[in-house]
Every structure is written in C-alpha cells, then in structure tokens.
1. Do we find that Leu22 is in a helix (DSSP H, G or I), open to solvent by 60 Å² or more (accessible area, probe 1.4 Å) and either under 30 Å from Ser141 (Cα atoms) or free of Cβ contacts under 8 Å to residues at least 24 places away in the same chain (or both) in this structure?
2. When you check Lys160 against the structure, is it touching a strand residue (DSSP E or B) at 6+ places or on another chain (Cβ under 6 Å), open to solvent by 50 Å² or more (accessible area, probe 1.4 Å) and modelled with pLDDT of 80 or more, yes or no?
3. Collect the residues in region 138-187 that are outside any helix (DSSP H, G or I) and among the polar types (S, T, N, Q), keeping them in residue-number order.
4. Regarding region 51-68, can at least one residue be identified that is under 30 Å from Leu169 (Cα atoms) and of a type outside the set (Asp, Glu)?
5. Please work out if Ile7 is surrounded by fewer than 11 Cβ atoms within 10 Å (Cβ to Cβ) and either charged (D, E, K, R) or over 23 Å from the mean Cα position of the chain (by Cα) (or both).
6. Within region 169-191, restricting attention to residues that are open to solvent by 40 Å² or more (accessible area, probe 1.4 Å) and more than 38 Å from the chain's Cα centre (by Cα), which residue is modelled with the highest pLDDT?
7. Considering each residue of region 83-131, count those that are assigned to a helix (DSSP H, G or I) and open to solvent by less than 60 Å² (accessible area, probe 1.4 Å), and give that number.
Amino acid sequence: MKIFSSIRAKLTLWYIGTIGVLILIFGSILYLSLKKSLERGIDISLRTFEEELSDALHINPYEKWNDVVNKESGEEIPLMYVQIMKISGNGHRPTISIRSKTLKAGDLPLSKRAYTEAMRGEISFETLKDEDNLPLRIMTSPVEGKGELSFILQIATPLKEIANTSKKLLVILLISGPILLLLSAFGGYLLDR
C-alpha cells in the first residue's frame, strides 16, 4: 500500500471523499426540493379548481351538478378528474354519486386518512395510485349542503409529467455525480504527481 502512504495521496482521498459526500447531499436536496416544488404547484392548481367548482356547485341545484362537473372538468382542464360522493348518515362509507367524464374507468381511491379529515371538515392532499398503478395527486374536500356535511368532493390529476421530470433529473444526477467524482479523482492524481 505504498500508493496511499504519502500525505498527498491521503489528502487526495479525503478530498475525493468530501467531494463525493457533497455531490450526494447536493443532488439529494436538489431532487427532493424540485419534487416538492412540483407537487406544491399541482396542489395550488387543484385548490384553485376546487374553489371554482365549489362556487359553481353552490349556485346550482344538485340535479345539475353532473352537468357542472363535466363542463368544468372537461373543457378547460382535460386532465382533472372529479368525483363527488354522497355521505350517508348511518356511518357507512360514502357512495359515488357523480363522476366526471374525464374519469373514464374506475373510481378515485379514498384513503381512510382523507375520509377522516373530510368528515372533520378538513381538506387533504395525498398521492395515491389509480387502478392502472399510475400516481395521482388527489385533493379531498368536504362539501356542505343545507348546513351540514353532505358530500365529499375529490379532484385529482395524474402525476405522469412530474414522475417523468423526476426520473430525468435522477438519471442526470446519477450520471453526473460519478463523472464529477472521477474528474476530481483524476485532478487529485495529477496534483499528487
């Protein structure tokens, strides 16, 4: 192990190790912050859409809600899925009463956490998989009718683009990290000579 006996070689190894750790930390922070930022943007658009849809639902009688849902979710934003569930007073899970035409097959999943928060009158956001195992960002919101909680409104959008962007960034980081490390090692080797 004569190669690693000189102080220069040991300093070079420390230098490479430090650079490697810094690249790993920087890449992780970049990846996680980009993913969080993209999700936050989706949450804001879901919330804005929910406010517009809730306003439209409140000014229309229940019999016209199906038309309102399909008009709102179909024309302006084709990648928004809407589902309204009627809450029964006997403690059973809510039943789906209205679905947007954009939600072609299957139902939006309703987690126990989202259901519980909606029953407390709170809005929740979560990422769940649909029936095709694709990620959806789902906002679950309570809807009051006649002064009491009567419906649960769910609005979702697919996260395919966010998943693709995240994967591309991950590939870039996984390729550039080792390349930077090799370049640092080569530079350290040249300095050691």
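The values are calculated or read from the model by the stated rules, or taken from the named source; none is laboratory data. Fair warning: this is a prediction, and the values are worked out from it, not measured in the lab. With ideal geometry, Cβ positions are generated from the backbone for all residues, glycine too; neighbour counts draw on all protein chains shown. These accessible areas exclude ligands, DNA and RNA; they are computed on the full protein's heavy atoms, side chains included. Shrake-Rupley method; radii C 1.70, N 1.55, O 1.52, S 1.80 Å.
1. On the way: in a helix (DSSP H, G or I): yes; open to solvent by 60 Å² or more (accessible area, probe 1.4 Å): yes; either under 30 Å from Ser141 (Cα atoms) or free of Cβ contacts under 8 Å to residues at least 24 places away in the same chain (or both): yes.
Spelling it out, Leu22 is indeed in a helix (DSSP H, G or I), open to solvent by 60 Å² or more (accessible area, probe 1.4 Å) and either under 30 Å from Ser141 (Cα atoms) or free of Cβ contacts under 8 Å to residues at least 24 places away in the same chain (or both).
2. On the way: touching a strand residue (DSSP E or B) at 6+ places or on another chain (Cβ under 6 Å): no; open to solvent by 50 Å² or more (accessible area, probe 1.4 Å): yes; modelled with pLDDT of 80 or more: yes.
When the stated conditions are applied, Lys160 does not pass them.
3. Thr140, Ser141, Ser150, Gln154, Thr157
4. Scanning region 51-68 turns up no residue that is under 30 Å from Leu169 (Cα atoms) and of a type outside the set (Asp, Glu).
5. yes
6. Phe186
7. Residues meeting the conditions: 5.
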